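Engineer: What follows is a structure written as structure tokens; I'll ask about it next.
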Amino acid sequence: MKRLVPFVVLALVIAATAAITSIGLMDVLTGTGWAYAVEFLGRALPLDFPPMDEVLALSARTLSIAGTATLLSVLISVPLATLAAHNTTPHKAARTTSRAVIAVARALPDVILAIVFFRVFGLGATAGVLAMGLHSVGMVGKLYADALEQTDPGPATAVRATGATRTQTLLAAVIPQATPAFIATALHRFDINLRVSVLLGFVGVDGLGLATATALRRLDYQRGLALAVVILALCVLLELVSGLLRRAALSTRRGWGLTGALFAGLATVAMLIGADLSLGDGLGRLGATAELFWPPIAPTGVFADLLATVRMALAATALGALLAVPLGVLAARNVLPRAGGVFRAFIVLVRGIPELVLAIVLVVITGIGEAAGTLALAVGAAGLLGKLIADSVEEVDPRIEEAVRATGAGRWQVFCAATLPQAAQAMTGHLLYQLDVNVRAATLLGLVGAGGVGFVLLNSARVLEFGAVTTVLTLLLGVVLLIELLALWLRRAAA
Amino acid sequence: MSVIRFDAVGVRFGADSALDDVSFSIGAGEIVALVGMSGSGKSTLLRQVDALHLPSTGRVTVLDTDTTSAGGRELRALRRRVGFVFQQFHLVGRLSVLENACTGALGRIRGPRLGRVSYPKAVRAQAMAHLERVGLADRAAQRADTLSGGQQQRVAVARALMQDPEILLADEPVASLDPETAVQIMALLREIAEERRLTVLCSLHQVELALSWADRIVGLRAGRIVLDTPATGLGRDEVMAVYSQVGPTLAPIR
Ligand SMILES: Nc1ncnc2c1ncn2[C@@H]1O[C@H](COP(=O)(O)OP(=O)(O)O)[C@@H](O)[C@H]1O
Ligand SMILES: [Mg+2]
């Protein structure tokens, strides 16, 4: 099995190269894309911002929807993760079931959930909140379970030794250790949901995204691009605020507990008011709606569209990796202790660019769907991958590095002999994870005009051919499963 | 009257035997040191006493409770009466010293607790008193991970005192501390044991410390008891024989 690894890796590299060349990336930067962009900008400038109160109302709506969705995912994830972590749940069946629920939540794309829930609950915030909230459990639940499993078992043993029950031990010794990770994950997901909610605006989720989509549909580019700028500002703002909160949650100072709780409480109330949820008589319609999605129908050319989405994801991952691997290595503290700061700062900067917003702008500006989508995704991939790679390089066993350094080896000799071999497996894992993330993101980009299965989804929702949604869902699940199996196989084979 | 009693106890992890045919008993108020090489089974033995792990064969009886036949509720009731101090202190670093001490009361107050104010006032007052006893009252509001190792171990002792225990177990409580702090902590444990007439079983790997501190020495080698004798009049070399890889079966087993 091990002998097959190089061939599989080679096949992946060839596929990625083919994907990059076939997408016609250069057209975006030169030629037709450029000419189109110049003409487009002529029509989009000057930007036409809506009145200030409307901007604020739209922003509040978007933040409320993304925030409530995140809150929902946290409320579901805490008990689910507790049931899924081996140190908090001794029953294997309960663990397996909860892990499976988390995996299913992750596998169900939020676009598709949104399309379904719109059918059930109608327009408004409810469908968006439920779609993003449930899908987020796939990430939040998984990371929460990991955070629980990574706690030091010592305090739990000590508290159990005082005669405490399982629940008491969980609350007194395990949850407090995981709280900073819980908060950081929630903030991270809030960030993602904010960006996703904008894209879901193209299928009807209320807020800035819907306003942008409406403007673009009217061919009112001056308004559409102005709203994109507002979204960008909102993303940057949230990034700053969540950075502050993350640091506060991790700080060794005491006294944040009460202030933090008060702040969180107020924010929650504001969010719930802003989201203005109502289930209506939607639950009663659930059965009738489900029937609409059966039997699946295959729209013409759906396989070509699937191929386009996968191609986008593959090319974006490869391009992102080309940038992220050297960047991540240079940013790792154990490679360049001092000079690495520059690269770390650069990664943070790239990560701050909301790739999904970038995609809207690029797709709209250049009019060249697939290539523009790839470029936007690649930027996003570079940011996330850069960080993951830096982390995996920093997590190697320093004693082995020290042993090699003690032989008189230079910095890069140590890197090649001790650091890279230790980090290689984690790096491969991250690359495949990014591919998986990109398949989902590429689907979303289809909504804004990057082509692929996202476009099929948008279209079938519009012409009420819901059977096609089922087909796309099945195909996507197949692709994601394939990637997961590949990752699993590589991990096994390389171990 | 024995407070802790092992009858032919065996503990296996898969094919490995961590304890093998271990029998002994400890009477009320005895202060016993458990010595042996690392891997000899000291931690495993201590965990049996608090029913954190149950024997594969044989029987462990602690305070008249047979751990092999007791149910979950009975085991928790037993653990409440047995304090346990660990080598790595095992405090929740992010929580305050006071809240860490309060967790020692969980066995007798009902329901889960999260946060200092979720504990009854009386419990908090008691925790303050115990922190006072171990000399850390002025650190109560501080995060536990800002304390030195010796201070953290004092908090762990305060947490154990919150249980108002009858037995105190300690697993190499000073192995992570510098020699001077180690002596202070051991003195504190001895004082508290005498004040409260506790039965104490403490694993140690410093032989001199064990000899000067305990009333009785029990030696383990490869999961078997190879020494069990009063500490008075015992020479260092006799104890060191426990640490030899091979060697004669050691003479005095009481
Ligand atoms: N949870 C466990 N799983 C498997 N083996 C264990 C476990 N706990 C202890 N052991 C084994 O039992 C033996 C005794 O370990 P331990 O009681 O920790 O010794 P000591 O505390 O004297 O160093 C060792 O061989 C150890 O590897
Ligand atoms: Mg031990």
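Engineer: Where the second residue is in a helix (DSSP H, G or I) and within 9 Å of ligand 2 (Cβ to nearest atom) and the first is more than 14 Å from chain A (Cβ to nearest Cβ) and lies in segment B:32-52, which pairs have Cβ atoms under 9 Å and are six or more apart or on separate chains?
Structural biologist: B:Leu34/B:Lys42; B:Leu34/B:Leu46; B:Val35/B:Lys42; B:Gly36/B:Lys42
Engineer: Answer yes or no: is there a residue in segment A:227-241 that is under 30 Å from B:Ala144 (Cβ atoms), of a type outside the set (Ser, Thr, Tyr) and surrounded by fewer than 20 Cβ atoms within 10 Å (Cβ to Cβ).
Structural biologist: yes
Engineer: Surrounded by fewer than 20 Cβ atoms within 10 Å (Cβ to Cβ), β-branched (Val, Ile, Thr), more than 26 Å from B:Leu234 (Cα to Cα) and away from chain A (no Cβ under 14 Å): which single residue out of B:Thr57, B:Thr65 fits that description?
Structural biologist: On inspection, the qualifying residue turns out to be B:Thr57.
Engineer: List the number of the failed condition for B:Leu169; all other conditions in (1) more than 9 Å from chain A (Cβ to nearest Cβ); (2) more than 17 Å from A:Thr169 (Cα to Cα) hold.
Structural biologist: So B:Leu169 meets the others, but not (1).
Engineer: If I filter segment B:175-188 for residues that are within 16 Å of ligand 1 (Cβ to nearest atom) and touching a residue at least 12 places away in the same chain (Cβ under 8 Å), do I get at least one hit?
Structural biologist: Checked segment B:175-188: at least one residue is within 16 Å of ligand 1 (Cβ to nearest atom) and touching a residue at least 12 places away in the same chain (Cβ under 8 Å).
Engineer: Residues in segment A:72-86 that are farther than 10 Å from A:Gly141 by Cβ and surrounded by fewer than 17 Cβ atoms within 10 Å (Cβ to Cβ): how many?
Structural biologist: Matching residues across segment A:72-86 total 2.
Engineer: Moving to a separate point now. Name the residues in segment B:74-103 that are at the interface with chain A (Cβ under 7 Å from one of its Cβ atoms) and either among the hydrophobic types (A, V, I, L, M, F, W, C) or in contact with a Gly (Cβ under 8 Å, 6 or more places away or on another chain) (or both), would you?
Structural biologist: Answer for segment B:74-103, where residues must be at the interface with chain A (Cβ under 7 Å from one of its Cβ atoms) and either among the hydrophobic types (A, V, I, L, M, F, W, C) or in contact with a Gly (Cβ under 8 Å, 6 or more places away or on another chain) (or both): B:Arg76, B:Ala77, B:Arg79, B:Arg80, B:Phe84, B:Phe86, B:Gln88, B:His90, B:Leu91, B:Val92, B:Leu95.
Engineer: Just checking, how many residues over segment A:166-176 are among the hydroxyl-bearing types (Ser, Thr, Tyr) and at pLDDT below 95?
Structural biologist: 1
Engineer: While we're looking at this one, here's another question. One residue is enough: does segment B:135-143 have a residue meeting the conditions within 18 Å of the chain's Cα centre (by Cα) and either at pLDDT below 95 or buried (at least 17 other Cβ atoms within 10 Å of the Cβ) (or both)?
Structural biologist: No, that holds for no residue.
Engineer: In segment B:27-49, what count of residues is obtained for those that are more than 8 Å from ligand 1 (Cβ to nearest atom) and either farther than 24 Å from B:Gly72 by Cα or modelled with pLDDT under 95 (or both)?
Structural biologist: 9
Engineer: In segment B:128-154, what count of residues is obtained for those that are within 14 Å of chain A (Cβ to nearest Cβ), of a type in the set (A, V, I, L, M) and within 21 Å of B:Met186 (Cα to Cα)?
Structural biologist: 2
Engineer: Among the candidates B:Thr65, B:Thr57, single out the residue that is within 16 Å of ligand 1 (Cβ to nearest atom) and modelled with pLDDT of 95 or more.
Structural biologist: Within the list B:Thr65, B:Thr57, the selection yields B:Thr57.
Engineer: Within segment A:162-233, considering only helices (runs of 4 or more DSSP H) that don't extend past its boundaries, which have at least 2 residues that are more than 30 Å from A:Leu41 (Cβ to Cβ) and within 14 Å of chain B (Cβ to nearest Cβ)?
Structural biologist: Correct list: A:166-169, A:175-200.
Engineer: Report the residue count in segment B:136-192 for those that are in contact with a strand residue (DSSP E or B) (Cβ under 8 Å, 6 or more places away or on another chain) and farther than 29 Å from B:Ala28 by Cβ.
Structural biologist: Matching residues across segment B:136-192 total 5.
Engineer: Still on this model: Can you tell which of B:Phe84, B:Phe89, B:Phe6 is buried (at least 17 other Cβ atoms within 10 Å of the Cβ), away from ligand 2 (no atom under 16 Å from the Cβ) and of a type in the set (Phe, Trp, Tyr)?
Structural biologist: The unique qualifying residue is B:Phe6.
The values are calculated or read from the model by the stated rules, or taken from the named source; none is laboratory data. All values derive from a computational prediction rather than experimental measurement. Quick reminder, even Gly has a Cβ in these numbers, built from the backbone with ideal geometry, and neighbours come from all protein chains shown.
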